[in-house]
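Laboratory data are not the source of any read-out in this text; all were calculated from the coordinates shown. Keep in mind that this is a model prediction, so the values were computed, not measured. Cβ placement follows ideal geometry from the backbone for every residue including glycine, while neighbour counts extend to all protein chains displayed.
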Amino acid sequence: MPGMAILKSSSIDSDASGTTTSFLPNDVDLGGDLLAEIIRRLPLDSVARSRAVSRNWRAAISDGYLRRRLPLHMSMICFPDNDDPFGGGGSASLPLFACATEGRRLEERDIGFFPLHDRSVVCDACNGLLLCRAPGTRDFYVVSPVTRTWAALPRPAKDASLSVLAFDPFGTSPQQHYHVINFTGWRDRGAAVEVFSSETRAWTAHEVDFGGVPAGSLSGASVHCHDGAAYFLASDPDCAVRMDLAAGAGLACTVVALPEPSDGHGRLAHCGSRLHYVCSDGELLKVWALEDVQRWRLKHAVRVGGDIVEGGGGEVRFLAMHPEKSAVVYLWSPWKLVEYDLSKRELTGVAWEFAKGARNRVVKTWLVPSSCYLSDCFADAPAGGAMI
């Protein structure tokens, strides 16, 4: 693996005579392994800010080899619990964006950098990005609380009854792009849809056929995206509908029957390139992997309640699957988030608790490999916010 000279020729400052000052002599070349070990120990915000030091730093931190070595960071969207005595009254209905800290705390991220935060509502969240909309308008914004950047979208042609954000930092595209899917009219087995692409900065209108699945059976609350496609769970029949978001695909949909009913508790996830279906009755957690087009294999069936909740009997909900380790899942229980190994049938020891006194109900969570991926998706957008 060729070495990367992040500091070999990076100019940080110049004195009055125009002489360039560097951190290291020109003949010093930090190898990729050493550089990765240094950067992976930086706080999440520092990785994002270091991209602004110089073009050389930005190029090195964006290098694919380094990015794959950076650790995964836990983030989520949650709501203060309605019974929370510390919730502050009316704030109980407002969604919060939280990130895990080094101290194993889940702390709310301030989005005050977004100037319209107090006049917008969060429509959706996906892999570190928030989709916001000004109520009563067609004004949409995509916001990254980690990199403290945001972009205003051009107005769509029609009002939407459902808006979905699709962003996959593990995608194969060299430049990470996101999509916003607006459902503007429902058909018996399809919908009128407008889709915004951050790559083209434009909305396109489509008439979508859900592959024979009734529109009323699709769930807008359990949407999953992976590598240029959005996946919707549906009931009656119990299936997953895959919507292809690639340019020229026309939002073509394919249907995959589920191995068992979701009963409102099923979730879709990807580990590597394989689709997984996870369902739970509160204690027994089942994980299925899609082996081919229509064949599922049961990989795990584990009772997890007693391992998570002291004394057992408490609520345990599946939130996410590790994107690289198929046996590792993330579970919520009041009022913490834990990492659980289904093969070993035990907690890994990794757990995050909300800040003292906070009782929050997590609705979506994700792991992304550093904030670098989150800032790339705004590279072609008009200047809406600055990374600080």
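Taking 0.36 nm per intervening residue step and subtracting the Cα-Cα distance, what contour gain separates Glu324 from Glu107 on full extension?
75.6 nm
Count the net charge of all other residues whose Cβ sits under 13 Å from the Cβ of Val304, scoring Lys and Arg as +1 and Asp and Glu as -1.
Charge balance in the 13 Å sphere: -2.
Multiply the residue gap between Asp118 and Glu291 by 0.36 nm, knock off their C-alpha separation, and tell me the result in nm, one decimal place.
Once the chain is fully extended between Asp118 and Glu291, it gains 57.7 nm.
Once amide H atoms are built 1.01 Å from N in the peptide plane, which residues 5 or more positions from Lys364, or in another chain, come under 5 Å H to H?
Hits under the 5 Å cutoff: Ile77.
For the ranges 249-262, 326-339, what's the packing order if you count other beta-carbon atoms within 10 Å of each residue, average per peptide, and put the highest first?
326-339, 249-262
Quick one: putting +1 on the C-beta of Lys and Arg, -1 on the C-beta of Asp and Glu, what dipole do you get for segment 160-258 around its Cα centre, in Debye to the nearest 20?
That gives a dipole near 120 debye.
I'm a student and want to see the number: the projected area of the Cα convex hull of segment 180-251, averaged over all directions, in nm².
4.5
With the calculation restricted to Cα positions, what are the radius of gyration and Dmax of segment 168-288 in angstrom?
Taking only Cα atoms of segment 168-288, I get Rg and Dmax of 14.7, 45 Å.
Run the simple label-point estimate for Ala202 and Arg317 please: 7 Å along Cα→C-beta, distance reported in nm.
4.0
Under 20 Å from a point 7 Å along the Cα-to-Cβ line of Asp227: which residues of segment 265-296 have their amide N that close?
Only 268-278, 288-296 fall inside the zone, counting backbone N under 20 Å.
All other residues with a Cβ under 10 Å from the Cβ of Glu260 taken together, and with Lys, Arg as +1 and Asp, Glu as -1, what is their net charge?
It works out to a net charge of -1.
How big, on average over all directions, is the shadow cast by the Cα convex hull of segment 260-354, in nm²?
6.0
If you stretched the chain out fully between Ala257 and Ala355, how much longer would it get, using 0.36 nm times the residue separation minus the C-alpha to C-alpha distance? All intermediate terms of the calculation are to be shown ahead of the outcome.
Numbers: separation 98, 0.36 × 98 = 35.28 nm, distance 4.09 nm.
Extending this stretch completely gives an extra 31.2 nm.
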